[in-house]
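S.K.: Pasting in a structure now, in structure tokens, and then I'll have a few things to ask.
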Amino acid sequence: MRHSFQVDLRGVVDLLSAHLYSSPDVYVRELVQNAVDALAARGPEADDRPVVIECHERPGGPPLLSVEDEGVGLTVPEVHELLATIGSSSKRDGLLGPDVDYLGRFGIGLLSCFLVSDDIRVVSRSVRGGPGVSWRGHSDGTYELRELADGEGRATPGTTVWVTARPGLEDRLHAATVRQLVRRYAGLLARPILLRTSAGEERLAGRPLPWAGQDTERLLAWGEAELGERFLDAVPLGLPAAGLTGVAFVLSTSPSPSSRQRHRVHLKRMLLSDAVDGLLPDWAFFVRVVVDTSALQPLASREGLYEDATLAAVREGLGTALRSWLAGLADRDPQRLQRLVRVHALALKALAVHDDELLRLFAPWLPVDTSLGRMTLTEVMARGPVRYAGTAEDFSQMAQVATAESICLVNAGYTYDEELLLRLPDVLPGVDVERVDPEDLAAVLRPVIAADQAGAAALVARCRTVLAPFSCDVEVREFSPASLPSLYTAGDGARFARELDETRQVADSFWGPMLGRIAAAQPVSREATLVLNWRHPVVRRLAGQVGGDALRTAVEVLYLQALLLGRHPLRGRETTLLSGALGRLIEGSLHGA
Ligand SMILES: Nc1ncnc2c1ncn2[C@@H]1O[C@H](COP(=O)(O)OP(=O)(O)OP(=O)(O)O)[C@@H](O)[C@H]1O
């Protein structure tokens, strides 16, 4: 024998209230939705009929709310089948009227009334004839159904739903709350809603979409009033294939790229949620949208969107729309674009990395850090080839000299900067981009003049002996500032060797031997160089008649000073060197005193 599942209504209501809906307030949405669907099913004759909501505040009794429509209504068998069966919906099966675009489909919406009430009454008369019907459902899972006698209940087709507030939740049914909830959930509906309270009758909804045909300033004012935030720009959106219209607001402050914007989505003009995630591509984290669409499917909770191919297509369509708006802005309103680039540089860089067209458009405005201060790429390109340091450490090593030499060096140590710079020649023909490493910097420093070369070469030879134990080469060049006597440059290999050395000195017995083996496997690196500045008087003096001990002390101090200026931590051997050299310096000065 076959049996049917039995459903414990109390359990279902608990499930809805605890897990499906985030708030009991959704009952207003579900009731309005059912009324609108019933009116839609009735066809053109009901086009101008409103939904009527009435708040009945009864002294001494719990507040009562009624929602009334002149829609298709229900017959007695339909009430048995639809109202008394959880999950049964006339809209999904086309029973209520085929070819109508309904808001509901799951057959559970009415149950949400049990979130605020223990007692729901539905009085209906079907447009298809037959007697009127009264159905009374209780939150314990029981219901009563009664055929109405002639003259009882509604005289004309339609439905009225009565909801009595549950003790403790009276405020959810008070006029002020109901007004606010109707505005929130159903404020954009094309069909008017009449709200009757003890204060009188008020017409809500029934207007064109607030963003239709508005200029930017009005959209911005509306966005500020609705979302409580002043935006940088407002972009009208339209995807006819998805029945989507709306507006994208550009945030006036930069959000974290990992943060997700929460979008306000209306489905067929009824609010789905104002915290919908995943409607835009990830890169569009700098906009917040308000849209209305007819093509997307809600989750059963109606608080999120069902992830399907349509949603993926909408996401892509909105991404394309935003991109082409950005592209158009460059021509239309460069000043606005500049403001936008300033606030959202990181997002735009993330975009431009994968998009040649955007890179071509934005490159001129993209801001970068350089040795001469913050500049746009246009300013950098105007100075000749674009030279950049690939890491923040390289930049900090070279910035001092680059600044003094008026070399514009870009710090590409930030996310996306190097990738963008390397792609510049692809989109802007004629632009040269070159990475500069600290060791290359030595090459762009000027060689000493011919007359001084012999003296400089002799000094180099003597200094190399002093610094040989530190795997550091020596060169003599001329560079600015003249007050900087020496410069330590090191490529990646030399830097790695330094770090390894340093770690070995602090590593315990477990790691020590392993680090030793790694060090042994590294070829001896000569990438590190101490560049002495021929313009500095001390360096010149060292090239003269200087005794071996004095020269050693001076070169050691110059080496240590260059390391510290380049922010390289001193290794164990260098710390010993520091105390030794300082000690000798002090002794020497006391001796002379
Ligand atoms: N005001 C109304 N007039 C006519 N029929 C109604 C009305 N309210 C509810 N019904 C009928 O009761 C059924 C169940 O309603 P319910 O709100 O539970 O689900 P639904 O609207 O079909 O789907 P959803 O769960 O997505 O809202 C509806 O499909 C509809 O046939």
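The values are calculated or read from the model by the stated rules, or taken from the named source; none is laboratory data. Owing to the predicted nature of the structure, the values given are computational and were not obtained by experimental measurement. Cβ atoms come from the backbone with ideal geometry, glycine included; neighbour counts cover every protein chain shown. Areas reflect the complete protein model, heavy atoms only, side chains present, ligands, DNA and RNA absent. Shrake-Rupley method; radii C 1.70, N 1.55, O 1.52, S 1.80 Å.
S.K.: For V431 and Q297, calculate 0.36 nm times their separation in residues minus their Cα-Cα distance, and state this gained length in nm to one decimal.
M.R.: Result: 43.4 nm gained on full extension.
S.K.: When all protein chains stay in place, what accessible area (Å², nearest 10, 1.4 Å probe) is found for W162?
M.R.: Its heavy atoms expose roughly 70 Å² to the probe.
S.K.: Taking the highest mean first, how do the peptides 175-188, 542-555 order by number of other beta carbon atoms within 10 angstrom per residue?
M.R.: Highest to lowest by the protection proxy: 175-188, 542-555.
S.K.: 7 Å from Cα along Cα→Cβ at both R184 and Y414: what's the point-to-point distance in nm?
M.R.: Once both label points are built, they end up 4.0 nm from each other.
S.K.: Can you pull the one-decimal nm distance between simple spin-label points at D101 and L227, each 7 Å off the Cα toward Cβ?
M.R.: According to this spin-label approximation, the distance is 2.4 nm.
S.K.: Right, another one. Determine the gain in length on full extension of the stretch E202-D331; use 0.36 nm per residue of separation and subtract their C-alpha separation, reporting nm with one decimal.
M.R.: So the chain would gain 41.8 nm between E202 and D331.
S.K.: Taking all protein chains in place and a 1.4 Å probe, what share, in percent, of the accessible surface of the chain do carbon and sulfur account for?
M.R.: The computed percentage sits at 53.
S.K.: Here is a follow-up. Could you order H174, H591, H568 by accessible surface area, starting with the largest, using a probe radius of 1.4 Å?
M.R.: H591, H174, H568
S.K.: Another question, then. So for I586, I407, what's the accessible-area order with a 1.4 Å probe, most first?
M.R.: My answer, sorted largest first, is I586, I407.
S.K.: Rounded to the nearest 5, what is the percent of antiparallel bridges among the DSSP beta bridges in the chain?
M.R.: Among the beta bridges of the chain, antiparallel pairing accounts for roughly 75 percent.
S.K.: Sticking with the crude label model, points 7 Å out along Cα→Cβ, report the distance from S23 to E152 in nm, one decimal please.
M.R.: For the pair S23/E152, the computed spacing is 3.9 nm.
S.K.: Defining a contact as two alpha carbons under 8 Å apart and six or more residues distant in sequence, what relative contact order in percent does the stretch 216-332 show? Display every interim value, and only then the final one.
M.R.: Details: 196 pairs, mean separation 26.6, N = 117.
Rounded, it is 23 percent for the stretch 216-332.
S.K.: Moving on. Please list log₁₀ I(q)/I(0) at q = 0.10, 0.14, 0.15, 0.16 Å⁻¹ for the stretch 341-436, using the Debye equation with identical point scatterers on the alpha-carbon positions.
M.R.: Reported log10 I(q)/I(0), two decimals: -0.22, -0.44, -0.51, -0.58.
S.K.: At 1.4 Å probe size, what's the solvent-accessible area of H80? Round to the nearest 10 Å².
M.R.: About 90 Å², ignoring ligands and nucleic acids.
S.K.: In terms of modelled amide H atoms, which long-range or inter-chain residues lie less than 5 Å from the amide H of L148?
M.R.: Excluding prolines and chain starts, which carry no amide H, the hits are G132, V133, S134.
S.K.: What full-extension length gain, to one decimal in nm, is calculated for D215 and R342 as 0.36 nm per residue of separation minus the Cα-Cα distance? Before the final figure, lay out the partial values.
M.R.: Working: separation 127, 0.36 × 127 = 45.72 nm, distance 2.38 nm.
Full extension from D215 to R342 adds 43.3 nm.
S.K.: Hey, what angle do you get for helix 492-506 against the long axis of the chain, alpha-carbon based, 0 to 90 degrees rounded to 10?
M.R.: With both axes taken from Cα atoms, the answer is about 90 degrees.
S.K.: Between the stretch 182-202 and the stretch 454-469, how many Å separate their Cα centres?
M.R.: 90 Å
S.K.: Give the ranking of M381, M375 by solvent-accessible surface, highest area first, calculated with a 1.4 Å probe.
M.R.: M381, M375
S.K.: Sticking with this one: In Å and from the alpha-carbon atoms only, list the Rg and Dmax of the chain.
M.R.: 38.1, 126
S.K.: With every protein chain present, what is the per residue accessible area of the chain (1.4 Å probe, Å²)? Please list the in-between numbers first.
M.R.: Numbers: 27890 Å² over 593 residues.
Averaged over the residues of the chain, the accessible area is 47 Å².
S.K.: Would you mind listing how long the stretch 9-203 runs along its three principal axes, going by Cα atoms, in whole Å with the largest first?
M.R.: 39, 37, 33
S.K.: How far is helix 512-521 tilted off the main Cα axis of the chain, in degrees rounded to 10, range 0 to 90?
M.R.: It works out to around 70 degrees.
S.K.: Between the stretch 284-350 and the stretch 1-53, how far is it from one alpha carbon centroid to the other, in angstrom?
M.R.: 32 Å
S.K.: Would you please give the residues with an amide H less than 5 Å from that of L209, counting only those at least 5 places away or on a separate chain, with H modeled from the backbone geometry?
M.R.: none
S.K.: Further question: Among DSSP beta bridges whose residues both lie in the stretch 341-436, state the antiparallel percentage, nearest 5.
M.R.: Beta bridges within the stretch 341-436, antiparallel portion: roughly 45 percent.
S.K.: Return one number: the angle in degrees, 0 to 90 and rounded to the nearest 10, between the long axis of the Cα atoms of helix 216-227 and the longest principal axis of the Cα atoms of the chain.
M.R.: 80 degrees
S.K.: From the phi angles alone, apply the Karplus equation (6.51, -1.76, 1.60; θ = phi - 60°) to the stretch 536-541 and give each ³J(HN,Hα) in whole Hz, x where the residue is Gly or Pro.
M.R.: Residue by residue, the stretch 536-541 yields 7, x, 5, 5, 4, 5 Hz.
S.K.: To the nearest 20 debye, what is the magnitude of the charge dipole of the chain about its Cα centre, counting +1 on the Cβ of each Lys and Arg and -1 on the Cβ of each Asp and Glu?
M.R.: The calculated dipole for the chain is roughly 1060 debye.
S.K.: A further question on this structure: Near the amide H of L272, under 5 Å away, which other amide H atoms are found, from residues 5 or more places off or on another chain, if H is placed in the peptide plane?
M.R.: Close amide H contacts, sequence-distant or interchain: V265, H266, L267.
S.K.: Find the relative contact order for the stretch 319-411 and round it to a whole percent, using C-alpha pairs within less than 8 Å whose residues are 6+ positions apart.
M.R.: 23 percent
S.K.: Quick one: what are the phi-derived ³J(HN,Hα) couplings along the stretch 353-365, Karplus 6.51/-1.76/1.60 with θ = phi - 60°, whole Hz, x for glycine and proline?
M.R.: Result, ordered by residue: 4, 10, 9, 4, 4, 5, 4, 4, 6, 8, 3, x, 9 Hz.
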